[in-house]
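Notes for the one structure printed next.
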């Protein structure tokens with residue numbers, strides 16, 4: 001069984017995000033980058049599936065991103081992924097979901113696939129579009145926000161729970177299928193030291209747009225990012241101070257009535 | 001000397017940091033309160049490869065160096081300094097001694113079990129009358145047929161009650177003080193071995209410290225490490241690694257002292273101001289941060305030198321002396337910033353304050369480190385400016 005796991009390099013969840021001067025990206029100095037946390041559930045599920053199915057099953061990671069993505073790819077390899085494709089091209093700086101899905105579709109088709117796992121969204125852009133556009137491009141079913149995944153014994157179909165508002169929805173999908181993973185699907189393993197050691201010898205195939213048969217970066221679709229803005233600042237906070245609490249409460253009531261006009 | 005982390009070392013650091021913050025943090029408070037050794041934590045650490053960090057692949061290890069061990073101990077100690085004790089002794093003393101001085105047969109027999117964590121390695125040197133003065137060791141080993149008979153007791157042995165492999169330094173020749181000692185690999189099921197008194201310590205409560213008793217303990221002659229008379233050499237030759245290990249532990253403790261001081265000081269208000277807005281607090285934070293950086297540089301340098309096969313006795317002692325000292329000032333200052341609550345078990349700093357103290361005592365007291373450093377420095381001057 002040929003299993004593909006998608007991964008994206010994103011700023012660490014603990015990183016403080018600041019918009020750069022041009023308003024077209026974030027300031028990357030001093031920011032640590034990690035594997036998109038939702039993608040880690042995909043990696044884990046892919047590895048578990050391989051362990052279950054056995055035989056000549058293989059897990060290949062596919063990552064589109066800048067040169068620095070090597071470190072997160074190596075981490076996936078250290079977790080147990082067999083090999084990786086790194087799509088890396090200067091023309092793919094700040095790509096849209098449309099562009100990235102088009103490029104991923106080509107690379108994944110070249111690899112061959114039975115099942116694709118990815119995160120339900122990137123924790124950086126929060127667009128949650130790539131997997132759906134990719135499903136369209138590959139013309140395969142998609143199941144989003146998976147919390148339970150099982151494969152039928154005859155390997156013909158997948159049975160899943162997907163998280164919806166207020167509960168789970170149980171669905172069945174034929175293979176090949178793309179599954180986006182939600183928190184709770186599994187508990188991703190750590191990259192073990194033997195894994196880190198073995199990862200040194202595993203292959204990362206680096207491909208640029210020309211290698212994938214593109215003359216230029218594919219169209220970014222019908223939407224365009226105009227500008228990145230910092231989080232709007234919260235409103236002014238006025239502290240009510242008085243010698244006696246009772247006076248402070250009176251003053252607060254007056255302000256709520258006369259200035260805020262909420263009571 | 002490059003003290004920057006390689007990609008691989010960053011990955012190792014991330015794994016152990018994530019493990020410490022999640023799995024270890026979940027049990028650390030209770031383990032230290034109850035004084036229980038966390039078997040399952042060591043099992044997980046072993047599964048992730050941390051019990052064979054410096055052991056070559058062919059003996060079941062992962063063949064990373066001292067530097068990776070330093071990163072590991074630092075991250076573990078940031079969460080639970082007790083846990084770092086066994087990991088440090090096992091890797092930097094037990095594994096190291098078998099690897100460096102053991103016969104091929106011994107390496108093949110024991111290292112895979114040690115690297116997989118099946119057998120935790122401990123180091124038994126100290127005796128009631130032989131602490132800093134290693135040459136005063138009395139425990140005897142007499143050869144009889146194809147066995148050695150060991151008699152005597154060892155005290156203050158970390159994790160001695162959980163040991164699968166015990167490295168013991170004993171006296172084979174009562175006539176010669178320093179050349180009369182030898183090293184042995186003892187298994188707990190060798191007849192005549194038992195665990196004696198269990199110590200109740202001030203800190204490091206989740207790490208056991210026990211007496212080991214050898215009464216006509218029969219050890220196969222093949223378990224002599226190296227040759228007869230090499231005991232002192234083996235004991236002293238392992239010190240560099242052990243000291244770098246304890247420096248890393250102290251570094252982790254110091255880092256947490258600073259982390260906790262800043263996090264607490266940002267929340268706590270007095271006289272209408274946050275504690276971190278008082279100059280008295282700021283100065284403590286500046287001193288702690290500067291000391292920790294200097295300690296980290298010293299420790300990383302010693303580890304890099306050791307990995308490059310350079311002599312690093314002076315550097316290892318400097319790292320140990322300085323880092324353990326500043327760890328103790330850092331926990332002191334951090335507790336001071338916490339004020340009254342820092343003296344209660346509710347806050348982490350109380351445990352780290354107690355744990356820090358012993359780092360200036362074990363694996364060579366600060367006084368011994370100064371002795372080692374001054375000896376090396378005077379030797380260097382002797383070479384530069386012969387008298």
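The values are calculated or read from the model by the stated rules, or taken from the named source; none is laboratory data. For clarity, every value in this text was computed on a predicted model and none was experimentally measured. Positions of Cβ are backbone-derived with ideal geometry, glycine not excepted, and every protein chain shown enters the neighbour counts.
Below are the figures for this structure:
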| read-out | value |
| --- | --- |
| Which listed residue, of B:115, B:94, is away from chain A (no Cβ under 14 Å), crowded, with 24+ Cβ neighbours inside 10 Å and either free of Cβ contacts under 8 Å to residues at least 12 places away in the same chain or closer than 26 Å to residue B:320 by Cβ (or both) | B:94 |
| Residue in the range B:17-38 that is within 14 Å of chain A (Cβ to nearest Cβ), buried (at least 20 other Cβ atoms within 10 Å of the Cβ), out of contact with any strand residue (DSSP E or B) (no Cβ under 7 Å at 6 or more places or on another chain) and over 30 Å from residue B:346 (Cβ atoms) present | no |
| Matching residues in the range B:361-373 - criterion: being touching a helix residue (DSSP H, G or I) at 6+ places or on another chain (Cβ under 6 Å) and part of a helix (DSSP H, G or I) | B:366, B:369, B:372, B:373 |
| Qualifying residues in the range A:8-30 (those that are loosely packed, with under 15 Cβ neighbours inside 10 Å and closer than 21 Å to residue A:87 by Cα) - the one modelled with the highest pLDDT | A:28 |
| Any chance residue A:202 is in a loop (DSSP other than H, G, I, E, B) and either modelled with pLDDT of 95 or more or under 30 Å from residue B:50 (Cα atoms) (or both) | yes |
| Scope the range A:122-137; condition farther than 27 Å from residue A:227 by Cβ and out of contact with any strand residue (DSSP E or B) (no Cβ under 7 Å at 6 or more places or on another chain); matching residues | A:136, A:137 |
| Selection within the range A:67-103 - in a loop (DSSP other than H, G, I, E, B) and modelled with pLDDT of 95 or more | A:80, A:81, A:82, A:88, A:89 |
| Checklist (1) more than 11 Å from every other protein chain (Cβ to nearest Cβ); (2) surrounded by fewer than 15 Cβ atoms within 10 Å (Cβ to Cβ) applied to residue B:6, failing item | (1) |
| Selection status of residue A:45, away from chain B (no Cβ under 14 Å), surrounded by fewer than 20 Cβ atoms within 10 Å (Cβ to Cβ) and assigned to a helix (DSSP H, G or I) | no |
| Among the residues listed as A:121, A:131, the single one being part of a loop (DSSP other than H, G, I, E, B), assigned by TED's automatic domain parsing to the domain that holds residue A:40, buried (at least 21 other Cβ atoms within 10 Å of the Cβ) and in contact (Cβ under 8 Å) with a residue 40 or more places away in the chain | A:121 |
| One residue from A:184, A:195 being within 19 Å of residue A:46 (Cβ to Cβ) and within 14 Å of another protein chain (Cβ to nearest Cβ) | A:195 |
| Qualifying residue in the range A:171-178 (condition: in the same structural domain as residue A:70 (by TED's automatic domain parsing), within 30 Å of residue B:9 (Cβ to Cβ) and buried (at least 16 other Cβ atoms within 10 Å of the Cβ)) | no |
| In the range A:211-235, the residues that are surrounded by 10 or more Cβ atoms within 10 Å (Cβ to Cβ) and without any contact (Cβ under 8 Å) to a residue 40 or more places away in the chain | A:211 |
| Entirely in the range B:1-112, the helices (runs of 4 or more DSSP H) that have 3 or more residues that are over 22 Å from residue B:300 (Cα atoms) | B:25-34, B:39-47, B:96-101 |
| Residue list for the range B:98-113, restricted to those being in contact with a helix residue (DSSP H, G or I) (Cβ under 6 Å, 6 or more places away or on another chain) and closer than 21 Å to residue B:243 by Cα | B:98, B:101 |
| Residues (free of Cβ contacts under 8 Å to residues at least 60 places away in the same chain and away from every other protein chain (no Cβ under 12 Å)) located in the range B:40-72 | B:40, B:41, B:58, B:59 |
| Considering residues of the range B:229-256 that are touching a residue at least 60 places away in the same chain (Cβ under 8 Å) and touching a strand residue (DSSP E or B) at 6+ places or on another chain (Cβ under 9 Å) only, the residue nearest to residue B:358 (Cα to Cα) | B:242 |
| Single match in A:44, A:67, A:40, A:102 (criterion: without any contact (Cβ under 8 Å) to a residue 40 or more places away in the chain and either out of contact with any helix residue (DSSP H, G or I) (no Cβ under 9 Å at 6 or more places or on another chain) or in the same structural domain as residue A:197 (by TED's automatic domain parsing) (or both)) | A:67 |
| Leading residue by the ranking (surrounded by the most Cβ atoms within 10 Å (Cβ to Cβ)) among those in the range A:198-210 that are out of contact with any strand residue (DSSP E or B) (no Cβ under 9 Å at 6 or more places or on another chain) and within 14 Å of chain B (Cβ to nearest Cβ) | A:199 |
| Criterion: within 19 Å of the chain's Cα centre (by Cα), part of a strand (DSSP E or B), away from every other protein chain (no Cβ under 14 Å) and within 26 Å of residue A:101 (Cβ to Cβ) - qualifying residue of A:148, A:225 | A:148 |
| Near pairs, Cβ below 7 angstrom, 6+ apart or cross-chain, from the range A:236-256 (within 16 Å of residue B:272 (Cβ to Cβ)) to any residue that is not in a helix (DSSP H, G or I) | A:248/A:240; A:248/A:241; A:248/A:242 |
| Any hit, the range B:73-90, residues being touching a residue at least 40 places away in the same chain (Cβ under 8 Å) and at the interface with another protein chain (Cβ under 10 Å from one of its Cβ atoms) | no |
| Residue list for the range B:334-360, filter: assigned to a loop (DSSP other than H, G, I, E, B) and either touching a strand residue (DSSP E or B) at 6+ places or on another chain (Cβ under 9 Å) or surrounded by 16 or more Cβ atoms within 10 Å (Cβ to Cβ) (or both) | B:347 |
| Verdict on residue A:185 being assigned by TED's automatic domain parsing to the domain that holds residue A:39, assigned to a loop (DSSP other than H, G, I, E, B) and on the phi > 0 side of the Ramachandran plot | no |
| Verdict on residue B:376 being part of a helix (DSSP H, G or I), surrounded by fewer than 17 Cβ atoms within 10 Å (Cβ to Cβ) and touching a residue at least 24 places away in the same chain (Cβ under 8 Å) | yes |
